[in-house]
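FYI, it's all coordinate maths here, none of it is from the lab. Since we're looking at a predicted model, the values are computed, not measured. We place every Cβ from the backbone using ideal geometry, glycine too, and count neighbours over all the protein chains shown.
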Amino acid sequence: MKPQYIRIKEELELDIEAGRFRIGDRLPAEVELAKQFKVSRVTVRAAIQRLANEGKLDVKHGVGTFVVNQLPIMPNSLEKLMSITDMIKHAGLEDGEQREKLVIEQPEKDWAKQLNLLSDDEVIIHERIRTANNEPVVFSKNIIPAKLVKDDIIQKGSIGSLFQYLQSIAKISIRHATSEIIVPLHTDQNCQKLLIHPDSTVLLLKQLHYDRHNIPVLYSFDYFRNDVFKFTISRTRIDY
């Protein structure tokens, strides 16, 4: 038999899905819900807390508990190389960005090695939080050889899809990438920018992107909210 708070949680979820409680609506007070479900306020509070942890309710102490907009899962195949902008738009959501950092600096040794840079080459460090329907879902750190787009990107700042930007400004068409999947530690400061729900986890995709001539042109570190993005890959068994 299910615990009572799980039963109440599921009934409240059904009410939300059926539209009896709409986005932005305030739930009845705990004492009213306790009377409705014939349980204690402690049990109601446990059910509400579970829904809040899943990002379905927003508990504002002294104000009330509100239904919030839960983003849909965005399924993506790792076999297909898509920009984050396209991922968000493909899910039917509005993409946006919050710029965190845009500077020209000397590259770290690993960056210079990956991008085949000379000793005096500089890189553009472009950091931003990508949003879906105004909610943070990805933190991106992009390393670009400065000689490719130095003046233009500094002036513009906000560029939308980086793939499309490189194509239109530098005539660089990104064709493929080598990718490494990493589960970052929660102490990673970049993870902290996305952990807006207690149950949220983050997946890091570190990628080196190549153009049509197989030249590395972009080194990216993308932190994806794991409660929003779902990555899959098709694998084939090899018989020895």
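Structure notes:
- Pairs with C-alpha atoms separated by more than 22 Å, drawn from the list LYS56/LYS206; LYS2/LYS35; LYS9/LYS38; LYS2/LYS230; LYS89/LYS113; LYS80/LYS109, are LYS56/LYS206; LYS2/LYS230; LYS89/LYS113; LYS80/LYS109.
- In order along region 84-89, the phi-based Karplus estimate (6.51 cos²θ - 1.76 cosθ + 1.60, θ = phi - 60°) of 3J(HN,Hα) comes to 5, 4, 5, 4, 5, 5 Hz; Gly and Pro are listed as x.
- Taking other Cβ atoms within 10 Å as a rough exposure proxy, TYR240, TYR165, TYR210 sort from fewest to most as TYR240, TYR210, TYR165.
- For the chain, the longest principal axis of the alpha carbon atoms and the long axis of helix 4-17 meet at an angle near 70°.
- Over every Cα atom in the chain, the radius of gyration and the widest Cα-Cα span, Dmax, amount to 22.3, 72 Å.
- With Cα atoms, 0 to 90° folded angle of helix 146-156 axis to the chain main axis: 50 degrees
- Angle between the chain longest axis and helix 41-53 axis [Cα atoms, degrees, rounded to 10]: 20 degrees
- Dividing the convex hull volume of the alpha carbon atoms of region 44-180 by its residue count gives 166 Å³ per residue.
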